[in-house]
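The values are calculated or read from the model by the stated rules, or taken from the named source; none is laboratory data. Fair warning: this is a prediction, and the values are worked out from it, not measured in the lab. Cβ: placed from backbone, ideal geometry, glycine included. Neighbour counts: every protein chain shown.
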Amino acid sequence: MPDTVCTGTVVPITNTSVGGTTFRWNFCEPAWEQTPVLEKLHLPALQWIHAAAFGEQNGEHFAFVSHGIGPRAISRLDFGSSWANSAPTITPLGDFGGLVNTSGGKDNLHLVSDNGQWYLFVVGVNVRGMNIAYPFVRISLGANIRNTTPAAEDLTSVGGFAGPEDVAFVKEGNNWLAFVVNSSATGQLTRLDFGNSLGNLPVSTPLGNLGGALLNPLRIQLFRSNANWRALVYDVPFERVVPLAFGTSLQNMPIASQLTVPAGTANAVYAPGCNDELVSISYAANTAPQWRSTMYSAALGFIRSQSWSLPLLQPNLRHWKPIADDLGGYVFFSRNALLISPAQTGDTLFRLKFGGCSGAGLPASSVPVPPPVSFSSPGVYTVRLTIDAGLPGEQSVCRSIVVVAGGNTVSKQQVVLCADSSLRLRPSLPGRLWQWSTGLTDSAITVSRPGVYWARLPNQCGELRDSFTVQTIARPAVRLTVQNDVSCAADSAELRAAGARSYQWWPAASLSIDTGKLVKAAPTSSTWYYLKGTDANGCSAIDSARVLVNLNVNANLYLVPNAFTPNGDGINDCFGLAHWGNPLRLQFQIYDRWGRVVFASQHVRRCWNGRYDNGEPAPTGTYTYSISADTRCGPISRKGLVLLIR
């Protein structure tokens, strides 16, 4: 297959892979930049769905779901011949004598076929009252995925677990392996060796936390790319993704690295693409209903991002399950993130469907060697062969075809360079021998100064030329301002941000939120806070400030006025204690000269406006007050006189 062809050239497609029982050819990647269709399935018998696992048998489509309100158990959904079915048939399977308790909300399901036998694994958290357990349960369905009386057994005692949260299965040669991520302690990876059958009792091998790379892992995905095994681990503390590289064998100790992804995408599910590219589907919570698809690569970094608006349904993206359909598109299933009350019925599973690939106009093929193809428009087209799709041994083989028009093609780009930084310039089409204006011959160059850079690539159809105008942009003047420190009278500090478009705060543990212009900080000791501000050009800067915590008793913070003038001029119109902050307990009374209570309150924000309960104004004169309070700095008691002046 040639790397570069001209428009209209007939390109033969060959299959150089070995093995495999099913084949799916696509002649461009799924169009992630398209706006997908979001649907809500009608499941009236189910409530608070936690997780789902999917499989196909004899052309029929099935999903197994766990649900945690009402009957806390597992049910099977029969979609029939199409995933597009919006009202699948529901078959309850129960909780297997209490072995599976799905009330915890964090269990994961995995459906695996092994030599004609089906197994459903339940991994995650079980909550029974105040007791928390991390089970690893195997449910044997037998040869018929519709089996309504499967047998379940607890494999938690296998050993090597430290709070199992998720698992990925794969068959390497004739050997079944599983990799379990554990969230307890410092987080670790465990390898299970089942031998030649998933029905065997596995041998457990703890692999540790890979040099501290795993802190609190919750999800793992395993896939094969160009003969190498890779995994993606979703790690909670910093909403990050940790790629694992095993090399050509899963028996190797994996090498961990951290993938830097655009903000707001780490809490999604990833669909492996060609050339180690990964697609992230994310949802921006606490904002307008904005969704985003992001494509990036461990080697190339950020590639592109596309946003689109869909109904605000708040699905839990950590449970998205991607399923490739027969047309080259993708279907994602997710549970709802909202807790649904027992009075409501189901409708808690969502389906996000992307169409097939666009641009090539070529139909997918399922034969081992498809007919030759011809591309009519210039561009980069990815020919992707998926072998044994949906099975643990699924493989993807990709080749890129660069289609160029006859004659010379010139493209121009305006590029922003943040001050005191560098960026990579990459031509719009791939190639190995680009000739740059700097004298380099490479597929990309790094620049740190403004100016005009160009790259040219001669080919059999003419010449490609890309021109980049690089403009330096100053970083934003980010400012972090502390409005007050934490003291006896103020149990939180107000922090304000200015100078940028979006913000990120840390450490987040004692903050009300970690984004926005105004946050509340409630540290227990003096703490430095950091603010990262990013402008519309993507340039960022950091500022910091320290919040002091002083809880020493200071009587000056609990002073009481000696007079007030309730004449409606907005100055000293009310006699109160609002400047005391937030006492833990307060008793505040005011008496007239005859000892009658004219005002009483237990709330620091209430004050006396100089009137009786019936609304009549109290006369000018001296009144007695009594105050008793428990504060962050100890008990406070005040008695005295206040003069009402009209």
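Specify which of the listed residues (Ala213, Ala178, Ala162) is part of a strand (DSSP E or B) and either under 26 Å from the mean Cα position of the chain (by Cα) or of a type outside the set (Gly, Ala, Ser) (or both).
Details: Ala213 fails: part of a strand (DSSP E or B); Ala162 fails: part of a strand (DSSP E or B).
Every option except Ala178 fails the conditions.
Evaluation of Arg646 against the conditions (1) part of a loop (DSSP other than H, G, I, E, B); (2) within 28 Å of Asn484 (Cα to Cα); (3) charged (D, E, K, R) shows that the sole unmet condition is (2).
With respect to Asp569, determine if the residue is assigned by TED's automatic domain parsing to the domain that holds Pro523, out of contact with any Cys (no Cβ under 8 Å at 6 or more places or on another chain) and on the phi < 0 side of the Ramachandran plot.
Values: assigned by TED's automatic domain parsing to the domain that holds Pro523: no; out of contact with any Cys (no Cβ under 8 Å at 6 or more places or on another chain): yes; on the phi < 0 side of the Ramachandran plot: yes.
When the stated conditions are applied, Asp569 does not pass them.
Filtering the range 444-461 to residues that are surrounded by 15 or more Cβ atoms within 10 Å (Cβ to Cβ) and over 25 Å from Cys539 (Cα atoms) leaves Ala455, Arg456, Leu457, Asn459, Cys461.
Have a look at Pro458, Pro427, Pro476 and point out the one that is under 16 Å from Val403 (Cα atoms) and in contact (Cβ under 8 Å) with a residue 24 or more places away in the chain. Walk me through how you get there before you give the answer.
On the way: Pro458 fails: in contact (Cβ under 8 Å) with a residue 24 or more places away in the chain; Pro476 fails: under 16 Å from Val403 (Cα atoms).
Answer to the selection: Pro427.
Under the condition of being free of Cβ contacts under 8 Å to residues at least 24 places away in the same chain and within 30 Å of the chain's Cα centre (by Cα), the residues counted in the range 524-574 number 2.
So which residues in the range 615-633 are within 30 Å of Ala490 (Cβ to Cβ), of a type outside the set (Phe, Trp, Tyr) and in a strand (DSSP E or B)? If you could, list the steps in order and put the result at the bottom.
Kept after step one, since they are within 30 Å of Ala490 (Cβ to Cβ), are these residues of the range 615-633: 623-633.
Next, only the ones that are of a type outside the set (Phe, Trp, Tyr) stay: 624, 626-633.
Scanning the range 615-633 gives Thr624, Ser626, Ile627, Ser628, Ala629, Asp630, Thr631.
Close Cβ contacts (under 9 Å, 6 or more residues apart or on different chains) running from residues in the range 408-424 that are on the phi > 0 side of the Ramachandran plot and in a strand (DSSP E or B) to residues that are exposed (fewer than 13 other Cβ atoms within 10 Å of the Cβ) and modelled with pLDDT under 90 are absent.
Here is the figure for the range 216-237: residues that are without any contact (Cβ under 8 Å) to a residue 24 or more places away in the chain, part of a loop (DSSP other than H, G, I, E, B) and not aliphatic (A, V, I, L, M) total 1. Scanning the range 365-390 for residues that are within 29 Å of Lys171 (Cα to Cα), touching a strand residue (DSSP E or B) at 6+ places or on another chain (Cβ under 6 Å), aliphatic (A, V, I, L, M) and modelled with pLDDT of 75 or more yields Val383, Leu385, Ile387. Of all residue pairs spaced 6 or more apart or on separate chains, those with beta-carbon atoms under 9 Å, a first member in the range 501-518 that is under 13 Å from Tyr530 (Cβ atoms) and in contact (Cβ under 8 Å) with a residue 40 or more places away in the chain and a second member that is aliphatic (A, V, I, L, M) and surrounded by fewer than 16 Cβ atoms within 10 Å (Cβ to Cβ) are Gln504/Ala263.
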